[in-house]
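This report refers to the structure that appears directly beneath it.
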């Protein structure tokens, strides 16, 4: 009796979690490996990123690396980050982590500008916006903006770059 109950429980639990993977069709322009070009506030960098489906297509994983050369004012340094994009209800969200200790929660949406990730407004914290714009089949524009605490709509460019498919 216990074995039958346990089997029924496992089958029921399995069917609850066996939902179909999200539809990532609109995201296809970003899927793959990219080489970055450009810079911004932190300086000119070399590097690239990848966007790949993971966990059976249930999430997208972006891994990014930027290497900044030494300047007269700064030592050479590298920046790495990881962003996990996931569906929640009828919308997409993301959580971002980097080697500097930042953790950013984003809502993602497609607009006229492209694919836009925007963090929520918080009284005492900066707000972030990351935009990917498809400029050709194998090229994207990237704009990372920051709004200061207390001015959640006053976004200013921090990094403006482009990337081409590897």
For residue 50 and residue 112, calculate 0.36 nm times their separation in residues minus their Cα-Cα distance, and state this gained length in nm to one decimal.
-> 20.0 nm
Across the Cα atoms of the stretch 29-96, what radius of gyration and what greatest pairwise Cα-Cα distance (Dmax) are found, in Å?
-> 14.8, 49
Would you mind getting me the FRET efficiency between residue 33 and residue 71? Use the beta-carbon distance for r and R0 = 25 Å, nearest 0.05.
-> 0.35
Cα convex hull volume per residue for the stretch 21-165 (Å³) | 117 Å³
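Return 20, 118 ranked ascending by Cβ neighbour count within 10 Å, so the fewest neighbours appear first.
20, 118
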Find how many whole Å separate the alpha carbon centroid of the stretch 117-166 from the alpha carbon centroid of the stretch 57-101.
-> 12 Å
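Every number in this text was worked out from the coordinates using simple rules, so none of it is lab data. Keep in mind that what you see is a predicted model, and the values were worked out from it rather than measured. Heads up, the Cβs are rebuilt from the backbone with ideal geometry, glycines too, and the neighbour counts pull from every protein chain shown.
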